[in-house]
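Colleague: Take this structure first; my questions come after.
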Amino acid sequence: MDILFITDSLSQFKIYKDTTYAIMAEVARRSYVLYTCEPRHLAYTGGSVEARVQRFSIVGDYTNLGQWYNLEHSENRSLSTFSAVLMRKDPPFDMEYITSTWLLEIAERQGARVFNKPRAIRDHSEKIAISEFAQFAAPTLVTCDTARLRAFHSEYRDVIFKPLDGMGGRGIFRIREDYMNLGSTIEMLSSNGSRNVMAQQYIPEIKDGDKRILLIGGKPVPYSLARIPQGTEIRGNIAAGGVGYGQLLGLRDLEIAAALGPVLADRGLLLVGLDVIGYWLTEINVTSPTCFREITKQTGFDIAAIFVNALEHEIS
């Protein structure tokens with residue numbers, strides 16, 4: 001089988017922790033043929049959606065500190081000629097990302113098999129998607145109305161503010177009861193009332209970790225990665241210096257996963273990352289969910305193998 005990975009440049013990968021690399025390595029282990037391209041290499045030609053792709057092979061393993069891949073010459077191929085196309089481009093989820101989902105949706109109509117399904121990626125804002133499952137979410141507000149944002153803080157007193165298009169903990173602020181920096185935070189994140197911002201009641205259980213729960217084919221991986229903030233930091237994201245600990249899912253984790261898993265899988269989301277703090281769902285990640293390598297290293301549970309098994313089932 002030929003598998004196309006749509007990603008950021010391979011040269012940017014931190015392969016010691018990269019989930020996409022883990023998937024690639026498992027695909028290679030099964031003797032499939034790997035191809036890569038970036039979203040900018042997609043093109044609608046009037047007849048089909050093609051991409052300028054390059055076949056590549058993996059050199060060594062994640063301990064290799066040098067060049068970890070060998071690229072062959074580039075060629076133009078219709079996406080429908082691949083056994084599967086994996087969309088693994090990292091956010092920001094900007095207009096270029098949306099355009100990529102439109103192109104991938106055209107490719108689907110021509111027979112391409114794309115995971116996650118482009119319409120499902122586009123329809124599930126990673127921040128706002130929790131509104132569909134509000135029974136599991138802490139008090140939340142999304143608005144660009146600065147007066148509403150201020151009123152939300154006045155009601156809950158301890159609030160997290162964050163942009164809707166961020167990742168890795170970027171742009172997240174906690175404003176406490178003293179109101180310090182409330183105005184400047186709202187002005188900056190909302191661009192003086194012209195951009196939507198998410199506000200959520202602060203969840204003290206963040207001290208025990210921001211848990212990443214992975215759903216594959218609608219079923220939860222039995223272990224989460226609890227990403228625990230360090231020092232005075234409020235963010236547990238690994239990219240923001242958090243330390244991850246693999247742990248079995250708790251009862252509330254399983255309850256949330258059981259409620260969301262089948263719904264999201266039916267919409268074409270083969271891989272989903274739920275973020276849960278304490279008892280509360282905070283985000284639903286569908287673009288390029290991560291944490292495979294960290295969980296596997298700590299627990300021995302081979303998530304990449306489970307994912308590729310699910311992928312094979314979908315395309316068989």
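Computed from the coordinates by the stated procedures, all read-outs in this text should not be read as laboratory data. Just so we're clear, the structure is a prediction, and the values are computed from it rather than from any experiment. Every residue, glycine as well, gets a Cβ built from its backbone with ideal geometry; the counts of neighbours run over all protein chains shown.
Colleague: Express in whole angstrom the spacing between the alpha-carbon centres of region 265-281 and region 291-316.
Modeller: 16
Colleague: Compute the distance from the alpha-carbon center of region 21-95 to that of region 158-198, in whole Å.
Modeller: 36
Colleague: What Kirkwood Rh does region 2-117 have if only Cα atoms enter the pairwise 1/r average? Answer in Å.
Modeller: 14.5
Colleague: Explain nothing, just the number: dipole magnitude of the chain about its Cα centre with +1 on each Lys and Arg Cβ and -1 on each Asp and Glu Cβ, in debye rounded to the nearest 20.
Modeller: 140
Colleague: Something else now. What value does the chain have for Rg/Rh, both radii from Cα atoms and Rh as Kirkwood defines it?
Modeller: Looking at the chain, the ratio lands at 0.98.
Colleague: Also, I was wondering about something else. If I build a Gaussian network model for the chain, linking alpha-carbon pairs within less than 10 angstrom, which residue out of 121, 284, 186 has the largest mean-square fluctuation?
Modeller: 186
Colleague: With springs only between Cα atoms under 10 Å apart, run a GNM on the chain and tell me which of 282, 19, 232 wobbles the most.
Modeller: 232
Colleague: Take each of the peptides 260-273, 37-50, 73-86, average the number of other beta-carbon atoms within 10 Å over its residues, and list them starting from the highest.
Modeller: By packing density, highest mean first, the sequence is 260-273, 73-86, 37-50.
Colleague: Label residue 234 and residue 81 with points 7 Å out from Cα along Cα→Cβ: what is the distance between them in nm?
Modeller: A separation of 5.2 nm, rounded to one decimal place.
Colleague: Within straight cross-link reach of residue 207, meaning Cα distance under 24 Å, which lysines are found once same-chain residues fewer than 8 apart are removed?
Modeller: Candidates past the 8-residue exclusion: 17, 127, 162, 297.
Colleague: Turning to a different aspect of this structure: What is the helix-to-structure angle for 146-156, meaning the angle in degrees between its Cα long axis and the longest Cα principal axis of the chain, kept from 0 to 90 and rounded to the nearest 10?
Modeller: That helix lies at roughly 70 degrees to the long axis.
Colleague: I'm a student and want to see the number: the projected area of the Cα convex hull of region 138-180, averaged over all directions, in nm².
Modeller: Projected over every direction and averaged, the Cα hull of region 138-180 covers 3.3 nm².
Colleague: In the neighborhood of residue 210, defined by Cβ-to-Cβ distances under 15 Å, what is the net charge if each Lys or Arg adds +1 and each Asp or Glu adds -1?
Modeller: With Lys, Arg at +1 and Asp, Glu at -1, the neighbours total +2.
Colleague: Loop only by DSSP, 16 or fewer other Cβ within 10 Å of the Cβ. Give me the GluC sites (Glu not before Pro) in region 162-262 that pass, ordered by residue number.
Modeller: Hits after loop and neighbour filter: 177, 233.
Colleague: Go through 106, 76, 137 and say which Cα lies farthest out towards the positive end of the charge dipole of region 57-142; charges sit on Cβ, +1 for Lys and Arg, -1 for Asp and Glu.
Modeller: After comparing all options, I get 106.
Colleague: Let me ask another. Which log10 I(q)/I(0) values, to two decimals, does region 206-315 give at q = 0.12, 0.13, 0.14, 0.17 Å⁻¹ under the Debye formula with one point per Cα?
Modeller: Debye intensities relative to I(0), on a log10 scale: -0.38, -0.44, -0.51, -0.75.
Colleague: Could you tell me which chymotrypsin sites (Phe, Trp or Tyr not before Pro) in region 166-250 are loop residues by DSSP with no more than 12 other beta carbons within 10 angstrom of their beta carbon?
Modeller: The qualifying sites are 179.
Colleague: Taking only Cα atoms and a 10 Å spring cutoff, compute GNM fluctuations for the chain and point out the largest among 88, 148, 119.
Modeller: Looking only at 88, 148, 119, the biggest GNM fluctuation is shown by 148.
Colleague: For 288, 224, which order do you get if you count the other beta carbons within 10 Å of each Cβ and list the fewest first?
Modeller: The most exposed by this proxy come first: 288, 224.
Colleague: Using Cβ counts within 10 Å as a stand-in for footprinting exposure, how do 14, 219, 162 rank, fewest first?
Modeller: In order of increasing Cβ crowding within 10 Å: 14, 219, 162.
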